[in-house]
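Peer 1: Okay, here's the structure, questions in a sec.
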Amino acid sequence: MKITFPEDFLWGTATASAQIEGAAYEGGKGPSIWDAFSGLEGTILHGDTPTVACDFYHRYEDDIRRMKEMGLKSFRFSFAWARIIPDGDGEVNQEGIDFYKKMIACLKENGIVPNATMYHWDLPYALQVKGGFGNREIVKWFTRYAEILLDNFGKDIDIWVTFNEPIATYVGLAQGFFAPGLQDERYAREAIHNLLLCHGETVKLFRKKNLPNAKIGIVVDIWKHYPGRPGNPEDEKSALVNNEINGYGMFLNSLFLGKYSDVLMDYMQENDYVPHIEPGDLKTISEKIDFYGLNFYNGLIDNMEEIRQREEKRKQQGGNYQDRPEVHTEVLVDVLDMLVKKYKLNIPIYITENGLAQTDTGDKESLLNDTERIEYVKGVLTHLHKAMENGADVRGYYLWSLMDNFEWSVGYEARYGILYTDYQTQERIPKASAKWYSDVIRNNGFEV
Ligand code: NOJ
């Protein structure tokens with residue numbers, strides 16, 4: 001049987017500035033929080049840094065040629081705020097503007113639709129020093145930056161994303177294993193409120209710019225947790241906390257229902273974490289957007305008994321215990337349904353990211369022969385197709401990622417690309433999945 005997607009379905013790959021561009025201190029760019037964080041000892045696996053990454057800054061023409069050869073219809077990338085405005089709120093760096101102008105022009109010459117994210121985790125370091133997202137002034141800094149982007153690139157870009165996975169800002173401020181590496185939940189909750197305000201104010205600004213062909217949205221990842229033993233109080237509680245307090249519920253309630261959920265509010269009140277909310281803030285945050293970007297990787301089953309056993313095993317095996325979570329891609333159907341039923345979404349959806357990591361064990365052959373990735377993506381696309389047949393309004397799918405790149409705290413060890421990146425030579429080598437994905441695009445589907 002062949003699975004076929006709608007004719008104008010947008011097939012693409014996704015990336016982000018700090019993960020591919022490199023040239024971290026070139027072309028007038030200022031340092032970002034990831035440049036600073038990765039310079040501290042013990043923050044990133046093997047001491048890796050995003051300084052060179054895939055050197056996309058110098059090699060974008062070759063990479064775009066490869067995209068064209070693979071038949072990609074769209075390319076998702078992000079702007080590095082510190083390349084546009086090195087200190088975040090001061091002078092504009094013309095060299096940075098010129099780089100993106102050339103890169104976007106090259107995409108368009110090759111018939112590839114640009115899908116641009118304004119913020120994918122790389123805050124200018126100078127703004128972090130001034131309090132970053134925890135300082136409400138960020139709304140002014142961000143909307144100025146957004147206006148510069150819209151004025152320079154508004155006419156060339158049809159798909160705009162304000163923020164990618166805002167959870168990363170929470171992780172970086174509350175838990176510390178992402179940049180900037182703080183562990184202050186009170187500050188993190190404040191920051192998330194301000195970040196959502198930046199989003200809402202940017203949507204308002206975008207409407208004023210009158211860009212009739214362009215759309216604006218936000219990308220929120222959903223890792224939905226389910227109680228492993230339904231009815232078991234411990235498992236139920238864990239799923240609730242992971243979804244509503246520490247997961248997607250943190251964003252979707254205010255974005256789409258115009259209020260923080262009762263569960264989250266009660267929790268923040270009990271712990272004195274309630275952010276400063278001014279009248280009108282929630283109205284701004286819930287400004288109507290044109291599409292929702294779903295980053296989907298997996299669903300998670302919270303069986304506390306099993307989780308405890310795994311923890312125990314991990315301790316006994318001295319930290320080398322490799323424990324890959326089970327794959328629950330079928331959850332995508334439920335997630336898409338939840339967006340409509342629970343969060344009342346009535347706008348198109350793009351799957352803005354989906355993919356599978358391989359751990360680099362040094363065995364290049366097996367990395368190139370990535371059948372596991374093909375099987376995984378096939379599973380996701382099969383469930384996606386099923387959900388679309390049931391009415392889910394999904395317009396496109398972006399595989400994470402075009403090429404192996406800087407995977408944040410785990411550096412270069414996790415490889416997500418369909419192109420293998422040789423970090424010594426910067427050669428890109430197509431993996432089996434690149435050929436497979438390009439066939440999927442050409443046939444607008446695949447045999448199951
Ligand atoms: C989510 C993030 O948006 C992206 O930056 C990251 O590399 C992938 N998922 C894989 O972890």
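Peer 1: Largest first, how would H199, H46, H58 line up by accessible area (1.4 Å probe)?
Peer 2: Details: H199 0, H46 130, H58 100 Å².
Of H199, H46, H58, the descending order of accessible area is H46, H58, H199.
Peer 1: If you don't mind, another one. Mind giving me the nanometre distance, one decimal, between the label points for E311 and K102, set 7 Å out from Cα along Cα→Cβ?
Peer 2: It is 5.2 nm.
Peer 1: How big is the charge dipole of the stretch 293-377 about its Cα centre, in debye rounded to the nearest 20, if each Lys and Arg gets +1 on its Cβ and each Asp and Glu gets -1 on its Cβ?
Peer 2: Values: 11 positive and 17 negative charges, 76 e Å.
For the stretch 293-377, the charge dipole is close to 360 debye.
Peer 1: Could you state the accessible area per residue of the stretch 212-356 in Å², with a 1.4 Å probe and every protein chain left in place?
Peer 2: Values: 7010 Å² over 145 residues.
The answer is 48 Å² per residue.
Peer 1: Related question: Go ahead and set up a Gaussian network model of the chain, Cα springs under 10 Å, then flag whichever of E190, E330, E278 fluctuates most.
Peer 2: Between E190, E330, E278, it is E278 that shows the largest mean-square fluctuation.
Peer 1: Identify which of D55, D235, D404 has the largest mean-square fluctuation in a Gaussian network model of the chain, with springs joining Cα atoms closer than 10 Å.
Peer 2: Looking only at D55, D235, D404, the biggest GNM fluctuation is shown by D235.
Peer 1: For the stretch 71-200, what % of the accessible area comes from carbon and sulfur atoms, probe 1.4 Å? The partial results should precede the final answer.
Peer 2: On the way: 1940 of 3930 Å².
Summing carbon and sulfur atoms, their accessible area is 49 percent of the total for the stretch 71-200.
Peer 1: How about K342: which lysines have a C-alpha closer than 28 Å to its C-alpha, ignoring those fewer than 8 places off in the same chain?
Peer 2: Straight-line reach from K342, under 28 Å: K204, K215, K224, K237, K259, K283, K288, K378, K386.
Peer 1: Which chymotrypsin sites (Phe, Trp or Tyr not before Pro) in the stretch 246-322 pass both tests, a DSSP loop state and at most 13 other beta-carbon atoms within 10 Å? Can you show the working numbers first?
Peer 2: Values: sites: Y248, F251, F256, Y260, Y267, Y273, F291, Y292, F296, Y297, Y321; in loops: Y248, Y260, Y273, F296, Y297, Y321.
Sites meeting the loop and neighbour criteria: Y321.
Peer 1: Now for a separate question. For the stretch 318-448, give the magnitude of the charge dipole about the Cα centre (Cβ charges: +1 Lys/Arg, -1 Asp/Glu; no others), in debye to the nearest 20.
Peer 2: Values: 14 positive and 21 negative charges, 109 e Å.
In debye, rounded to 20, the stretch 318-448 gives about 520.
Peer 1: For the stretch 137-296, what relative contact order do you get, as a whole percent, if you take Cα pairs closer than 8 Å and at least 6 residues apart? Please report the intermediate quantities before stating the final value.
Peer 2: Working: 221 pairs, mean separation 43.6, N = 160.
Normalised by residue count, the contact order of the stretch 137-296 is 27 percent.
Peer 1: Can you give the calculated 222 nm mean residue ellipticity of the chain, where each DSSP H run of n ≥ 4 adds -39,500 (n - 2.57) and the sum is split over every residue, rounded to the nearest 500 deg cm²/dmol?
Peer 2: Values: 18 runs with 185 residues, N = 448.
Roughly -12000 deg cm²/dmol at 222 nm, from the helical runs in the chain.
Peer 1: Straight-line reach from K155: which aspartates and glutamates fall under 16 Å, measuring Cα to Cα and dropping same-chain residues less than 8 apart?
Peer 2: List returned: D98, E109, E147.
Peer 1: If you put +1 on each Lys and Arg Cβ and -1 on each Asp and Glu Cβ, how big is the dipole of the chain around its Cα centre, in Debye rounded to 20? Before the final figure, lay out the partial values.
Peer 2: Numbers: 49 positive and 68 negative charges, 246 e Å.
That gives a dipole near 1180 debye.
Peer 1: Where the accessible area of the stretch 316-448 is counted over protein heavy atoms with a 1.4 Å probe, how much of it, in %, is carbon and sulfur? All intermediate terms of the calculation are to be shown ahead of the outcome.
Peer 2: On the way: 2830 of 5810 Å².
Exposed carbon and sulfur together represent 49 percent of the surface.
Peer 1: Right, here's the next one. Say the dipole of the stretch 221-314 comes from +1 at the beta carbon of Lys and Arg and -1 at that of Asp and Glu; which of H225, Y273, T284 then lies farthest toward its positive end?
Peer 2: H225
The values are calculated or read from the model by the stated rules, or taken from the named source; none is laboratory data. Worth saying up front: this structure is predicted, and the values here are computed from it rather than measured. Methodologically, a virtual Cβ is constructed for each residue, glycine included, from the backbone with ideal geometry; neighbour enumeration extends over all protein chains shown. Accessible surface is based on the protein model in full, side chains and every heavy atom, while ligands, DNA and RNA are left aside. Shrake-Rupley method; radii C 1.70, N 1.55, O 1.52, S 1.80 Å.
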